[in-house]
Amino acid sequence: MTFAAKGFNVKYGNNIAAPALDAIGDYVLVTQPEPWEFLKGKVSNKPLQIIQSGDLSPEHLDHLAETSPAVTIVGLGGGSAMDTAKWIHWRRSLPLIQLPSLPSVDACFTRMSALRDRGGVRYEGDAIPDMVNVDFELFRAAPRAMVTSGIGDVLSCHTAWFDWKYAFENGQDEFGWSADKPEISHTYLNELYECADGIKNLTDDGLRRLMELHRDIGWRCHDISHARFEEGSEHFFAYTFEEVTGRTILHGELVSMGVQIMSHFQGNNPERVREIIARAGTRHKLADLGISMAEVMETMRRLPTFTVEQKHWYSYARTLDPAKYDEQEIKNLLDW
Ligand SMILES: [Zn+2]
């Protein structure tokens, strides 16, 4: 059976971003330097105003919303451009058009914006774009690793689903897991496996199918009012890495690393995860990611306590015993 996504209105194609902008009348553009640099020579209908995204504090976003002209809001770029455009649209009830320039996250298909508030991340808002225009040429203009990292937030369903079931079995589930639920993680992972080669080779088909997975995941988060099925131990690993090292790397690569390590400890088909990463050409070697083994071990040692302190959902991560870690075993999971 072919995978059929639900979610926002979407259009796929090559060189569709510039014609979309030429057809919408007055607009404010929320963007980042690279995608606009790539596109601006092709656009005749220039924006009334250009907003550089990056600062996702609620104060800043509210200021942007209050001072924006009452015209169509366009997001062009990665997650921060999508989230900023969503906020202005939602606060002011203005039309919204999204032009993602990367398949790295599902921000163009989710309703809430990820605000950076007092050192943490908070989700708020309720954005519904008139159209999400996915222009494959924008993706191909981006560094390849930013595209192949896009599998991370789909791969995460593999470990997150296990965690949700694990929480249920341990009497710690707040979200109504039930044994008769169709295992949506299998559907997602099978589709990801099927299209991984196309992602690696940046084909129209591979990129469209990756975005359809993001679209369905975004729809499901809203439909069931939580993200338990796509956020578990692997994301908690990523948050712990950021806390321990005080820095981050590409979200999808960090989450993919978390999926590799956590699926191993869960005894949850880590071979399948590795196979998909290999097919998609996603970077995984520590040297390629600019991460040291010491940082990985420090993250693993901190993970069980951090996830309790942060009140993350109950997951396999909090039951790990750092005294039993074998450094070589963990290194082998990543350096292949
Ligand atoms: Zn994520």
With the chain treated as a Gaussian network of Cα nodes joined by springs under 10 Å, which of ARG215, ARG272, ARG283 yields the largest mean-square fluctuation? ARG272
If you place +1 on the Cβ of every Lys and Arg, -1 on the Cβ of every Asp and Glu, and leave all else neutral, what size is the dipole of segment 88-167 about its Cα centre, to the nearest 20 Debye? 220
Would you calculate the separation in nanometres between label points at THR245 and LYS311, each defined as 7 Å from the Cα along the Cα-to-beta-carbon direction? 2.8
For a quick check: with amide H placed at 1.01 Å from N, whose amide H comes under 5 Å from ILE51's, ignoring anything fewer than 5 positions away on the same chain? LEU29, VAL30, THR31
Could you tell me the extents of segment 1-107's C-alpha atoms along the three principal axes, largest first, rounded to whole Å? 47, 30, 24
Starting from the Cα coordinates of segment 163-303, work out the convex hull volume and express it per residue in Å³. 125
Subtracting the Cα-Cα distance of ASP180 and GLU66 from 0.36 nm times their residue separation yields 36.3 nm
Cβ-based net charge around THR305, under 14 Å, with every Lys or Arg adding one and every Asp or Glu removing one: 0
Give the accessible surface of segment 221-336 per residue, rounded to a whole number of Å², with probe radius 1.4 Å and ligands, DNA and RNA excluded. 42
Rg/Rh (Cα only; Kirkwood hydrodynamic radius) as it applies to segment 111-163: 1.06
Over the chain, calculate the relative contact order: mean separation of alpha carbon pairs under 8 Å at least 6 apart, over the residue count, as a percent. 17
Could you tell me what % of all Cα pairs in segment 245-315 have separations over 18 Å? 44
For segment 39-112 and segment 271-316, what is the separation of their C-alpha centers, rounded to whole Å? 31
Extreme residue, positive dipole direction of the chain, given options ASN332, ASN201, PRO69 (C-beta unit charges): PRO69
Report, largest value first, the span of the C-alpha coordinates of segment 128-239 along each principal axis, in whole Å. 48, 30, 27
For the chain, fraction of C-alpha pairs farther apart than 37 Å, in %: 16
Return the tail of the calculated pair distribution for segment 38-83, meaning the percent of Cα-Cα pairs more than 15 Å apart. 51
Other-chain or far-sequence residues with amide H under 5 Å of VAL10's (modelled H): VAL132
Taking the alpha-carbon set of segment 198-254, what are its Rg and Dmax in Å? 14.4, 38
Considering the chain as a Gaussian network with a 10 Å cut-off on Cα pairs, which listed residue, GLU212, GLU230, GLU295, attains the greatest mean-square fluctuation? GLU295
If you look at just the Cα atoms of segment 150-211, how large are its Rg and its Dmax in Å? 14.3, 44
Between ILE16, PRO100, SER113, whose Cα lies farthest towards the positive end of the dipole of the chain when Lys and Arg beta carbons carry +1 and Asp and Glu beta carbons carry -1, centred on the Cα centre? ILE16
A correct Karplus calculation of ³J(HN,Hα) over segment 9-15, with 6.51 cos²θ - 1.76 cosθ + 1.60, θ = phi - 60°, whole Hz and x for Gly and Pro, returns 4, 9, 10, 10, x, 9, 6
Select from LEU192, ALA127, TYR166 the residue farthest towards the positive end of the dipole of segment 81-210; place +1 on Cβ of Lys and Arg, -1 on Cβ of Asp and Glu, and compute about the Cα centre. ALA127
Dipole magnitude of the chain about its Cα centre (Cβ charges: Lys, Arg +1; Asp, Glu -1), debye to nearest 20: 440
At 0.36 nm per residue, minus the direct Cα-Cα distance, what do TYR123 and SER225 gain on full extension? Give it in nm, one decimal, please. 35.5 nm
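The values are calculated or read from the model by the stated rules, or taken from the named source; none is laboratory data. None of the values given here were measured: they were computed from a predicted structure. Here the Cβ is made from the backbone with ideal geometry for all residues, glycine too, and neighbour counts use every protein chain on show. To get the accessible areas, we keep the full protein, side chains included, count just its heavy atoms, and leave off ligands, DNA and RNA. Shrake-Rupley method; radii C 1.70, N 1.55, O 1.52, S 1.80 Å.
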